[in-house]
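Everything on this sheet refers to the single structure shown next.
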Amino acid sequence: MGSITCDRVSELKAFDDTKAGVKGLVDAGITTIPQIFIQDHHTKYKFDDKPICRDPKISIPIINLQRIHKDSSLRSQVIDQIRSACEEWGFFQVINHGIPTSILDQAVDGIRRFFEQDVEVKQKYYSRDYSKKIKYCSNLNLYSAPTLFWKDTLSCVMGRDFSNPEDLPEACRDNDHIQQPNVENIGCVEEMTIGNSYYPECPQPELSIGIATHSDPGFVTVLIQDQIGGLQVFHEDQWFDIAPVPGALVVNLGYMMQLITNDKFKSAYHRVLSNKEGSRISIGSFFMNNSCSRRYGPIKELLSEVNPPLYPEITLKDIYNNQSLKNNELSALDKLKLASQSG
Ligand code: OGA
Ligand code: NI
């Protein structure tokens, strides 16, 4: 047993030391995946055995924002659609949101350039130091995770003090989405993290996972995905594909949004499957600031005698560091609520 553990640690370290991520393994031409990436029965994540619904008539809502600023009755219809999507799915896509498809494509291309450039250039950004604002890494919690994800990440923390595009890797410096972070008006979040993910093609996709079942910790995540697919949401006891729609943004709610709405809105579990066909890119903007000390609780206007607060006031940092939320335990949010009531 001891030697198994020791082998595992040295395997992890050897992988980490390449600073070439999962993409490096694929480039080296592996045909079977290393043990550290195998999702075996010990490490299986919850809901993995649940069916995938492939009924083309059911999908997360696709909401059209066209003309909402010009037509107030249309605008209120769209608000209703968003409200229902948040209550039922915790996930939706928006189209005609005003960001040209060419800008989204340009962003994806820049991220592809970053991950597919010479490894020596990319390695300069390799780090697992949490305090670094811009870092490239594979599996941030490499040494503590039960099993690894088949993906590499370039993360950028963007906030008021982010002013120097020169700090960005050259490959994606032209990306308008990265150069002009406009988070000034968001108030409660003030800072966001952009998680640029590269999911290389996988020779044994059935044994690996791009990102295991989880829910996002913050308020809202807005995601650009390329046309490969693989993202799925868990809804009414089944998995549903979030089919790529050209030019669309995928929006999903995090734990904090479920908390402040006192469970009215849903923070849904989701995952990304690996595939054999081709590398996948996604760019997620995570609206949260984990160092913020502001406390958030259920919104007062939503509360009444019959709808008492289910959660205590809590900071984003508390959410981020909460172990059951981190582990994506089934009833992680319930635990939070019970802990406060018994305390
Ligand atoms: C995430 C996530 C989905 C994707 O990073 O939290 O869910 O498609 N990403 O990459
Ligand atoms: Ni997520």
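The values are calculated or read from the model by the stated rules, or taken from the named source; none is laboratory data. Computed from a predicted structure; not experimentally measured. Cβ placement follows ideal geometry from the backbone for every residue including glycine, while neighbour counts extend to all protein chains displayed.
Things worth noting here:
- The set of residues in the range 140-154 being over 14 Å from Lys326 (Cα atoms) and in contact (Cβ under 8 Å) with a residue 60 or more places away in the chain consists of Leu142, Tyr143, Thr147, Leu148, Phe149, Trp150, Lys151, Asp152.
Yes/no per residue for (1) assigned to a loop (DSSP other than H, G, I, E, B); (2) more than 20 Å from Gly218 (Cβ to Cβ); (3) modelled with pLDDT under 80:
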{"site": "Glu305", "(1), (2), (3)": "yes, yes, no"}
{"site": "Pro308", "(1), (2), (3)": "yes, yes, no"}
{"site": "Asp318", "(1), (2), (3)": "no, no, no"}
{"site": "Leu325", "(1), (2), (3)": "no, no, yes"}
{"site": "Asn328", "(1), (2), (3)": "yes, no, yes"}
{"site": "Ala339", "(1), (2), (3)": "no, yes, yes"}
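- Asp48 vs. criteria among the charged types (D, E, K, R), modelled with pLDDT of 95 or more and within 24 Å of Ile281 (Cα to Cα): no
- Scanning the range 231-256 for residues that are near ligand 1 (Cβ under 10 Å from one of its atoms) and either farther than 18 Å from Ile58 by Cα or not in a loop (DSSP other than H, G, I, E, B) (or both) yields Leu231, Gln232, Val233, Val250, Asn252, Gly254.
- Scanning the range 278-296 for residues that are away from ligand 2 (no atom under 16 Å from the Cβ) and crowded, with 16+ Cβ neighbours inside 10 Å yields Ser279, Asn289, Tyr296.
- Test set (1) among the β-branched types (Val, Ile, Thr); (2) under 21 Å from the mean Cα position of the chain (by Cα); (3) under 27 Å from Lys266 (Cβ atoms) - Ile103 fails condition number: (3)
- The residues of the range 93-127 that are under 30 Å from Phe15 (Cβ atoms), part of a loop (DSSP other than H, G, I, E, B) and touching a residue at least 40 places away in the same chain (Cβ under 8 Å), listed by number, are Gln117, Tyr125.
- Some residue of the range 61-76 being within 23 Å of Ile211 (Cβ to Cβ) and surrounded by 14 or more Cβ atoms within 10 Å (Cβ to Cβ): yes
- All positions within the range 58-92 that are more than 19 Å from the chain's Cα centre (by Cα), part of a helix (DSSP H, G or I) and touching a residue at least 12 places away in the same chain (Cβ under 8 Å): Val78, Gln81, Ile82, Ser84, Glu87, Glu88
- Taking the range 212-231 as the range and being within 13 Å of ligand 2 (Cβ to nearest atom), surrounded by fewer than 20 Cβ atoms within 10 Å (Cβ to Cβ) and at pLDDT 95 or above as the test, only Val222 passes.
- Near pairs, Cβ below 7 angstrom, 6+ apart or cross-chain, from the range 217-232 (under 18 Å from Arg54 (Cβ atoms)) to any residue that is within 10 Å of ligand 2 (Cβ to nearest atom): Gly230/Val272; Leu231/His270; Leu231/Val272; Gln232/His270; Gln232/Arg271
- The range 198-211: number of residues that are of a type in the set (A, V, I, L, M) and either within 16 Å of ligand 2 (Cβ to nearest atom) or within 19 Å of Lys57 (Cβ to Cβ) (or both): 2
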